[in-house]
Amino acid sequence: MGIVARKEKQKQEIRSLILEESMKLFVEEGFSKVSVRKIAERIQYSPTTLYLYFKDKNEILFYCCESGFKKMLEQNIALGLISDPIERLHQMGVNYLNFGLEYPEYYDLMFIQEAPMSALIDMGAGWSSGDQALEALKMIVQDAMDKGLVVPAKVETVAMAVWSMVHGLVSLAIRQRLDKLVAAEEVENTMHESLDWLLKTMKKA
């Protein structure tokens, strides 16, 4: 490996380390209590070094969220192989539930905490990853409607209903609310059964 390639590899490793440890701090202490200095102390680098990689704490938070969306996208890559839009929609819902249960810290940061949205406003940026995720859902819903497989309605309304359902289930689960209502061993099964019920009620008779 040449000098340039080695330096680039080292740069990417440091960048990944910053994001990884920042994510842990955000989860442990909350976004408002974490500073660039505290992140630097965690990874034993100077704050000046961190500013070589990221503009500020908001940008670090933004890329932490982007890492979460990348993980979610990876779970949905195979959806294109499913021809039946109802089955595709079901699998997308299953992937969403599984993602939230497998990566609760990322999910909390991406979809529950207020800090990421405030950071986007401060950065003057839109929520492109969230928009892309919703558009992917709307495309599947539209396909199902075009094929006459679901009860006709506004695509945006149906997509929001599906998203609200799975988001609510994941949010309740990762905040330990379902534990008070459902036996621990039945939580995941209950979530999937709820998704199945919603999709069945959507199907056109």
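Observations on the model:
- Residue among Ala125, Ala133, Ala205, Ala115 that alone is surrounded by fewer than 14 Cβ atoms within 10 Å (Cβ to Cβ) and in contact (Cβ under 8 Å) with a residue 60 or more places away in the chain: Ala125
- Among the conditions (1) assigned by TED's automatic domain parsing to the domain that holds Asn98; (2) farther than 30 Å from Met139 by Cα, Leu73 misses just one, which is (2).
- Only one entry in Leu149, Leu101 is modelled with pLDDT of 90 or more, in contact with a Pro (Cβ under 7 Å, 6 or more places away or on another chain) and either in the same structural domain as Glu74 (by TED's automatic domain parsing) or not aromatic (Phe, Trp, Tyr) (or both), namely Leu149.
- Condition check for Leu199: among the hydrophobic types (A, V, I, L, M, F, W, C), within 21 Å of the chain's Cα centre (by Cα) and surrounded by 12 or more Cβ atoms within 10 Å (Cβ to Cβ): no
- Filtered residues of the range 155-192 (kept if surrounded by 11 or more Cβ atoms within 10 Å (Cβ to Cβ) and either farther than 22 Å from Glu102 by Cβ or of a type in the set (Asp, Glu) (or both)): Val155, Glu156, Val158, Ala159, Met160, Ala161, Asp179, Glu186, Glu188
- Test: residue in the range 101-110 that is surrounded by fewer than 15 Cβ atoms within 10 Å (Cβ to Cβ), closer than 28 Å to Ser22 by Cα, out of contact with any helix residue (DSSP H, G or I) (no Cβ under 6 Å at 6 or more places or on another chain) and hydrophobic (A, V, I, L, M, F, W, C): no
- Taking (1) closer than 17 Å to Asp108 by Cα; (2) out of contact with any Lys or Arg (no Cβ under 9 Å at 6 or more places or on another chain) in turn, Val34 satisfies each apart from (2).
- Segments classed as helices (runs of 4 or more DSSP H), wholly inside the range 87-150, with at least 1 members that are out of contact with any strand residue (DSSP E or B) (no Cβ under 9 Å at 6 or more places or on another chain) and closer than 29 Å to Thr201 by Cα: 104-107, 128-146
- If you go through the range 35-87 and keep only what is under 13 Å from the mean Cα position of the chain (by Cα) and small (Gly, Ala, Ser), you end up with Ser67, Gly68.
The values are calculated or read from the model by the stated rules, or taken from the named source; none is laboratory data. In this text the structure is predicted, and so the values were computed from the model without any measurement. Every residue, glycine among them, receives a Cβ derived from its backbone with ideal geometry; neighbour counts consider all protein chains shown.
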